[in-house]
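K.L.:
For reference, the structure I am asking about is given below.
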Amino acid sequence: MTEPLGGLRRTLPLAFVAIVAVGTLVGIRLDLGPGAGPAPAATSLHADLAELGRGRVLVGFDADIGTYAEIRPAVRAALAQLVRGGATISMVSYTPEGRALALAELDRLRRGGVEPGRLLDLGFHAGAEAGLVAGVSSIVPREADGALAAALRDAGAGIGAFDAVLVVGGNDLGPRSWVEQVATRLPEVAIFGIVPTSLLPQAVPYRASGQLAGLVAGAREVAAYVAAVRDDPTTGAVQGAAQVTDEPPSSLPVLVGLLLTLVLLAEAIASRWRAPARGGAA
Amino acid sequence: MTDLIGPDGGGTLATWVAAIATLLTWSILVGARRPFTWTQRLLAGMLTGYLALLAIREVIVPRLISPLAGDPAGHPLLLLGLLLAGMLVAGRWLPRWVGAVPVAILVGATAAFALGGAMVGSVLPQIVGLLPAPGAGPAMAAGAVISVAVASLVLLAFLHGRSQGRVVGALGAAGRWVMLGGVGAWLGYLVLSRLVLLSDRLAFLATDWLGLGR
């Protein structure tokens, strides 16, 4: 006997995407915001990055393509804040995915008018955690040139040559790996992190213990941090890469999607409960 | 807007390619398997090409071949690494122990870095963090007690293959439920991340591609 709801079940994924699409379009048309509430972690990261001023910041860019959409607005806001403050930005990646995204962001910063002397591409470093440990003593590649590369070599050429590290997480080598491999060897270097919701349970204990100097984790804190950078009263009119142009998505489609997921989950659990009952009756 | 590609002609072309690839991937939603298979193969092929390019351009040439070509005697570690890599690649045609040596070094070094870092950077500091500081309030003390209880239950859940009393067995079962709850919560977080990704893709199609809402 064919399942009476079989046809309906087959259309569920399409219906799911269609409903989330309607939520997204309504959010775009009505310009609904992400609903940023108070988030002390976001305010704290904003204040800490502002204090770096013209310092040397290393961005450990190992985002995951599957979750980068969630943290991208915060990553760009952090880069915009660093550009505004006059910091130099050096990017390094330890995962292939992170490298692809880092290249795209470096290109975006260059297109946004950041002076070439303030950007340094440290490239992809193989070896995963062993590569991170090697970076403690040497992270500037031989082929890197320019004043920034020279200054870093003068300061030791390792991660210790930087004033702070901003870890963009999502992949295997996120803030946890940086805390375990780098912070234990260079406790004086402040490590900040931006991670998606899926890494929140893993990363938050390091914020609570103080091993991470700052952390923005999850959609709510991302929205709060972007709002903090965008509405910063201490900066005047800014242009190019110093602007905050990437806003977090509206929370409407996410809320709709979560409700639909709950309905589908409940239906799946109910059908499992019904199945033994039918078997028993037969 | 994703803004990962420029607004010039190349950027427009890339936007169209990305939009069409997204729609082809979603064709599985209406039961069209063939376009979905094309995009899967396209992704696999591009990923393989990208990884090969990354390895050659950013690792093998600048960090192995160039230094060795310039001053082979000055880089004994690179020579050793090259020898181990050669042993690994040629292991299929050589005695088994030859291939086992680089694998053993690889596994041993990875485990040493990961376990050493986890112990010094995570386990010990987090245990210290659990201990209530002198003068800590009741909320912090309660949090520490709950954390110790949860950690103990989860550890008991890993007691396999030993005769357990009724109490330990019941606590181990409770630990398994606690773990299940943790996995469920993590899956919930993952769903949230994926929903943001879906919404972002839909917004990309609507704004970057179709120009709605600009």
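Bear in mind these aren't lab numbers, they're just calculated from the coordinates by the rules spelled out. Since this is a predicted model, take the numbers as computed values, not measurements. Here the Cβ is made from the backbone with ideal geometry for all residues, glycine too, and neighbour counts use every protein chain on show.
K.L.:
Write out, first by first residue and then by second, each pair whose Cβ atoms fall under 8 Å of each other, whose residues are 6+ apart or on separate chains, and whose first residue, in segment B:33-61, is surrounded by fewer than 12 Cβ atoms within 10 Å (Cβ to Cβ) while the second is of a type outside the set (D, E).
P.N.:
From segment B:33-61, the pairs are B:L51/A:P96.
K.L.:
May I ask you to list the residues in segment A:111-149 that are facing chain B (nearest Cβ under 10 Å), in contact (Cβ under 8 Å) with a residue 40 or more places away in the chain, under 22 Å from the mean Cα position of the chain (by Cα) and within 21 Å of B:L54 (Cα to Cα)?
P.N.:
Scanning segment A:111-149 gives A:A128, A:E129, A:L132.
K.L.:
Have a look at B:A173, B:A151, B:A157, B:A141 and point out the one that is without any contact (Cβ under 8 Å) to a residue 40 or more places away in the chain and either under 30 Å from A:L255 (Cβ atoms) or surrounded by 16 or more Cβ atoms within 10 Å (Cβ to Cβ) (or both). Spell out how you get there, then give the answer.
P.N.:
Details: B:A173 fails: either under 30 Å from A:L255 (Cβ atoms) or surrounded by 16 or more Cβ atoms within 10 Å (Cβ to Cβ) (or both); B:A151 fails: either under 30 Å from A:L255 (Cβ atoms) or surrounded by 16 or more Cβ atoms within 10 Å (Cβ to Cβ) (or both); B:A141 fails: either under 30 Å from A:L255 (Cβ atoms) or surrounded by 16 or more Cβ atoms within 10 Å (Cβ to Cβ) (or both).
Just one listed residue meets the conditions, B:A157.
K.L.:
What tally of residues in segment A:192-211 results from selecting those that are within 20 Å of A:V136 (Cβ to Cβ) and away from every other protein chain (no Cβ under 11 Å)? If you could, list the steps in order and put the result at the bottom.
P.N.:
As a first pass, look at segment A:192-211 and keep what is within 20 Å of A:V136 (Cβ to Cβ): A:192-193, A:206, A:211.
Keeping just the survivors that are away from every other protein chain (no Cβ under 11 Å) gives A:192-193.
Of the residues in segment A:192-211, 2 are within 20 Å of A:V136 (Cβ to Cβ) and away from every other protein chain (no Cβ under 11 Å).
K.L.:
Tally time: how many residues in segment A:80-116 are under 17 Å from A:D246 (Cα atoms) and assigned to a helix (DSSP H, G or I)?
P.N.:
The total comes to 15.
K.L.:
Here is a follow-up. Name the helices (runs of 4 or more DSSP H) wholly inside segment B:53-135 in which the number of residues that are touching a Pro at 6+ places or on another chain (Cβ under 7 Å) and either on the phi > 0 side of the Ramachandran plot or not basic (K, R) (or both) is 3 or more.
P.N.:
On the way: elements: B:66-70, B:76-89, B:96-117, B:124-130.
The helices (runs of 4 or more DSSP H) meeting that bar are B:76-89.
K.L.:
Taking the criterion of being touching a residue at least 24 places away in the same chain (Cβ under 8 Å), closer than 25 Å to A:A157 by Cβ and crowded, with 22+ Cβ neighbours inside 10 Å, would at least one residue in segment A:31-53 satisfy it?
P.N.:
yes
K.L.:
Next question. So which of B:T48, B:T110 ends up being out of contact with any strand residue (DSSP E or B) (no Cβ under 8 Å at 6 or more places or on another chain) and more than 9 Å from chain A (Cβ to nearest Cβ)? Please lay out each step first, then the result.
P.N.:
On the way: B:T110 fails: more than 9 Å from chain A (Cβ to nearest Cβ).
Sole residue among the options that is out of contact with any strand residue (DSSP E or B) (no Cβ under 8 Å at 6 or more places or on another chain) and more than 9 Å from chain A (Cβ to nearest Cβ): B:T48.
K.L.:
Now for a different question. Of the residues B:V178, B:V191, which single one is of a type in the set (A, V, I, L, M), in a helix (DSSP H, G or I), within 19 Å of the chain's Cα centre (by Cα) and within 14 Å of chain A (Cβ to nearest Cβ)? If you could, list the steps in order and put the result at the bottom.
P.N.:
On the way: B:V178 fails: within 19 Å of the chain's Cα centre (by Cα).
None of the other options fit; the residue is B:V191.
K.L.:
Just to verify a result, which residue in segment A:88-110, among those that are farther than 18 Å from A:T67 by Cβ and in contact (Cβ under 8 Å) with a residue 60 or more places away in the chain, is surrounded by the fewest Cβ atoms within 10 Å (Cβ to Cβ)?
P.N.:
Only one residue fits best here, namely A:R108.
K.L.:
Can B:L88 be described as under 26 Å from A:A134 (Cβ atoms) and either in contact with a Phe, Trp or Tyr (Cβ under 9 Å, 6 or more places away or on another chain) or away from chain A (no Cβ under 11 Å) (or both)?
P.N.:
Numbers: under 26 Å from A:A134 (Cβ atoms): yes; either in contact with a Phe, Trp or Tyr (Cβ under 9 Å, 6 or more places away or on another chain) or away from chain A (no Cβ under 11 Å) (or both): yes.
Yes.
K.L.:
I'd like to check something: does segment B:114-128 contain any residue that is surrounded by fewer than 16 Cβ atoms within 10 Å (Cβ to Cβ) and not aliphatic (A, V, I, L, M)?
P.N.:
Yes, because at least one residue in segment B:114-128 is surrounded by fewer than 16 Cβ atoms within 10 Å (Cβ to Cβ) and not aliphatic (A, V, I, L, M).
K.L.:
Continuing with the same structure: Among the residues of segment A:106-127, are any in contact with a Phe, Trp or Tyr (Cβ under 6 Å, 6 or more places away or on another chain) and more than 28 Å from A:P248 (Cα to Cα)? So that I can check it myself, show each step before the final result.
P.N.:
Filtering segment A:106-127 down to residues in contact with a Phe, Trp or Tyr (Cβ under 6 Å, 6 or more places away or on another chain) leaves A:125.
Those left that are additionally more than 28 Å from A:P248 (Cα to Cα): A:125.
Yes: one or more hits.
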